[in-house]
Amino acid sequence: MIAALDHVVIAVRDLAAGIAAYEALLDRRPSWRAPVQEGGAEIAVFGLANVAVEVMAPSGTGPIAERLRAVLAAQGEGLASLAFAVDDIDRAHRRLARLGLDPEPVAAAESVDRATGARRRWRRTRAASTATHGVRIFLVQAEQPVPPSAVIDSRDSAVGGLDHVVIRTPDPERAAALYGARLGLDMRLDRSNPEWGARLMFFRCGDLIVEIAHDLEAGVSAGPDKLWGLSWRVGDARAASARLHAAGIDVSEVRAGRKPGTHVFTVRDRTCGVPTLMLEPGPPRPE
């Protein structure tokens, strides 16, 4: 049913500040800017190799602006929703309904880029947040992809794509049932490690990972899941770290990643509330 992660939405209070933050973080220009069709919000979109990043801010009045401001007041800036790509939205809608995810009716949507007048069209549905344990999940069938974002400085230091998105859960078995059995993502790893203090589950989605993290010390509870962080791919971790440091962004030292051959570092500020890791992938594993 799900082919890939189409885009992630990051809610911000001020769109210009959000654009500036993600231009610096990704080393790319937004490739699309538009008002939200229903009104009350504006977006800037960065098109990467395997996902789009939609930075959204309230604008003016209306139901969307009110909902978005309420989310920002309650949770602050940060990840707001996930939109998964599907090939057949009507079939996907029927599956969500059969599996108790109470989807909204399929709706058509359109966006017009302010700079070029280009149009993008798609059809989408949303699973009920009560059924997805608090995580806002959309399914999208798009007619046109988001245009790729131009690199500002250097491809070695620019973000090329998303490696994984992290969701924190107080109930890992419940999360496994949702992302594996109901949404049909391919579980590739389920590991508890007392040294990390966590149980981690990795679900393959296209060429990236949806990571479910559970705090072992906290135990299991019935609270909501939470969209948490993003890990971005870069060609050269040291070059990316140097670029961000030169821009005045607080970054950690580059260190070896958990997967052999990888290098990572943490971005500590100017991410609009999103815990952020940069990852230089290691050499591909032999077939």
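The values are calculated or read from the model by the stated rules, or taken from the named source; none is laboratory data. Model, not experiment: these values are computed from the prediction. Methodologically, a virtual Cβ is constructed for each residue, glycine included, from the backbone with ideal geometry; neighbour enumeration extends over all protein chains shown.
I want to confirm something. Restricting to segment 135-176 and keeping residues that are assigned to a strand (DSSP E or B) and farther than 22 Å from residue 266 by Cβ, which single residue is farthest from the chain's Cα centre (by Cα)? Reasoning before the result, please.
Initial filter on segment 135-176 (assigned to a strand (DSSP E or B)): 137-142, 151, 159-168.
From what is left, the residues that are farther than 22 Å from residue 266 by Cβ are 137-142, 151.
Numbers: 137: 11, 138: 12, 139: 13, 140: 14, 141: 17, 142: 17, 151: 20 Å.
Filtering segment 135-176 for residues that are assigned to a strand (DSSP E or B) and farther than 22 Å from residue 266 by Cβ, the one farthest from the chain's Cα centre (by Cα) comes out as 151.
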Which residue pairs have Cβ atoms under 7 Å apart, sit 6 or more places apart or on different chains, and have a first residue in segment 250-264 that is assigned to a loop (DSSP other than H, G, I, E, B) and a second that is of a type in the set (Gly, Ala, Ser)?
-> 254/237; 254/241; 259/282; 260/282; 261/282; 262/282
Hey, does segment 171-188 have a residue that's exposed (fewer than 14 other Cβ atoms within 10 Å of the Cβ), touching a strand residue (DSSP E or B) at 6+ places or on another chain (Cβ under 6 Å) and not assigned by TED's automatic domain parsing to the domain that holds residue 8?
-> yes
Among the residues listed as 23, 66, the single one being assigned to a helix (DSSP H, G or I), among the acidic types (Asp, Glu) and under 19 Å from residue 232 (Cβ atoms) = 23
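Could you look through segment 14-41, keep only residues that are at positive phi and of a type in the set (Gly, Ala, Ser), and pick out the one that is surrounded by the most Cβ atoms within 10 Å (Cβ to Cβ)?
Residues of segment 14-41 that are at positive phi, as a first pass: 27, 39-40.
Next, only the ones that are of a type in the set (Gly, Ala, Ser) stay: 39-40.
On the way: 39: 14, 40: 18.
Among residues in segment 14-41 that are at positive phi and of a type in the set (Gly, Ala, Ser), the one surrounded by the most Cβ atoms within 10 Å (Cβ to Cβ) is 40.
Does segment 200-228 hold any residues that are assigned to a strand (DSSP E or B), more than 16 Å from the chain's Cα centre (by Cα) and either of a type in the set (Gly, Ala, Ser) or buried (at least 17 other Cβ atoms within 10 Å of the Cβ) (or both), and which are they?
Passing the criteria: 200, 201, 214.
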Looking at (1) touching a residue at least 12 places away in the same chain (Cβ under 8 Å); (2) of a type outside the set (Val, Ile, Thr); (3) assigned to a helix (DSSP H, G or I); (4) more than 27 Å from residue 225 (Cα to Cα), find the lone condition where residue 16 falls short.
-> (1)
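Could you please let me know if residue 231 is without any contact (Cβ under 8 Å) to a residue 60 or more places away in the chain and hydroxyl-bearing (Ser, Thr, Tyr)?
For residue 231, the condition - without any contact (Cβ under 8 Å) to a residue 60 or more places away in the chain and hydroxyl-bearing (Ser, Thr, Tyr) - is not met.
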Of all residues in segment 47-94, count the ones that are acidic (Asp, Glu) and farther than 16 Å from residue 145 by Cα.
-> 3
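When segment 210-258 is examined, which residues are found to be β-branched (Val, Ile, Thr) and either touching a Cys at 6+ places or on another chain (Cβ under 9 Å) or more than 21 Å from residue 194 (Cβ to Cβ) (or both)? Break it down stepwise before answering.
Here is the first cut: in segment 210-258, the ones β-branched (Val, Ile, Thr) are 210, 212, 220, 234, 249, 251, 254.
Within segment 210-258, 210, 234, 249, 251, 254 qualify.
Do we have any residue at all in segment 133-142 that's out of contact with any Pro (no Cβ under 7 Å at 6 or more places or on another chain), loosely packed, with under 14 Cβ neighbours inside 10 Å and assigned by TED's automatic domain parsing to the domain that holds residue 25? Write out each step before concluding.
Step one: filter segment 133-142 for residues out of contact with any Pro (no Cβ under 7 Å at 6 or more places or on another chain), giving 135-142.
Restricting the remaining residues to those that are loosely packed, with under 14 Cβ neighbours inside 10 Å gives none.
No: zero hits.
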